[in-house]
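Everything on this sheet refers to the single structure shown next.
The values are calculated or read from the model by the stated rules, or taken from the named source; none is laboratory data. Predicted model, so just to flag it, every value in this text is computed and none were measured. With ideal geometry, Cβ positions are generated from the backbone for all residues, glycine too; neighbour counts draw on all protein chains shown. Accessible surface is based on the protein model in full, side chains and every heavy atom, while ligands, DNA and RNA are left aside. Shrake-Rupley method; radii C 1.70, N 1.55, O 1.52, S 1.80 Å.
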Amino acid sequence: MRYFSSGDREPEHRIDVLVRDFDRTASGLRYLARFRYGWRWVASRTELQQRDKTPLTWHFVTTPKRGRRPVELRTLTADEQVQWFAS
């Protein structure tokens, strides 16, 4: 498992999906997924494929909001990868 935090360089292109452990919704994890030329927060792979989304830069996505802790991300576990591909 690899970890990324605010200020880190963008992951290499073979890493397409990341998660925050504490960022769960009622239906499961929120994913940070590579989309076109940037990144998007999504709840599922299906949501990512919707064309009305605008990609965000890595810097924008990982910069913490004022007064908040740094954004901490990690790669998916094997079980989470199965969930991602099924979503």
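How far apart, in nanometres, would the label points at GLU10 and THR57 be if each is projected 7 angstrom from Cα along the Cα-to-Cβ direction? That separation, rounded to one decimal, is 1.0 nm.
At a 1.4 Å probe radius, carbon and sulfur cover how many percent of the accessible area of the chain?
49 percent
Using the Cα gyration tensor of the stretch 40-87, with a ≥ b ≥ c the square roots of its eigenvalues, what is the shape: rounded (a/c below 1.5), prolate (a/b larger than b/c) or oblate (neither)? Here the stretch 40-87 falls in the oblate category. At each listed q (0.22 Å⁻¹), what is the log10 of I(q)/I(0) that the Debye formula gives for the chain modelled as equal alpha-carbon point scatterers? For the requested q values the scattering log ratios are -1.18. Among the chymotrypsin sites (Phe, Trp or Tyr not before Pro) within the stretch 37-84, those in coil by DSSP and having at most 12 neighbouring Cβ atoms inside 10 Å are TYR37. A helix-only calculation puts the chain at -4500 deg cm²/dmol for mean residue ellipticity at 222 nm, using -39500 (n - 2.57) for each DSSP H run of at least four residues, averaged over all residues.
Looking at the chain, the GluC sites (Glu not before Pro) that sit in a DSSP loop and have at most 12 other Cβ atoms within 10 Å of their own Cβ are GLU12. About its Cα centre, the chain has a charge dipole of approximately 320 debye under the convention of +1 per Lys or Arg Cβ and -1 per Asp or Glu Cβ, with nothing else charged.
Along the chain, the exposed loop sites are trypsin sites (Lys or Arg not before Pro) outside DSSP states H, G, I, E and B with at most 16 other Cβ atoms within 10 Å, and the longest stretch free of them is 15-35.
Accessible surface for the chain, divided over its residues, is 69 Å² per residue with a 1.4 Å probe.
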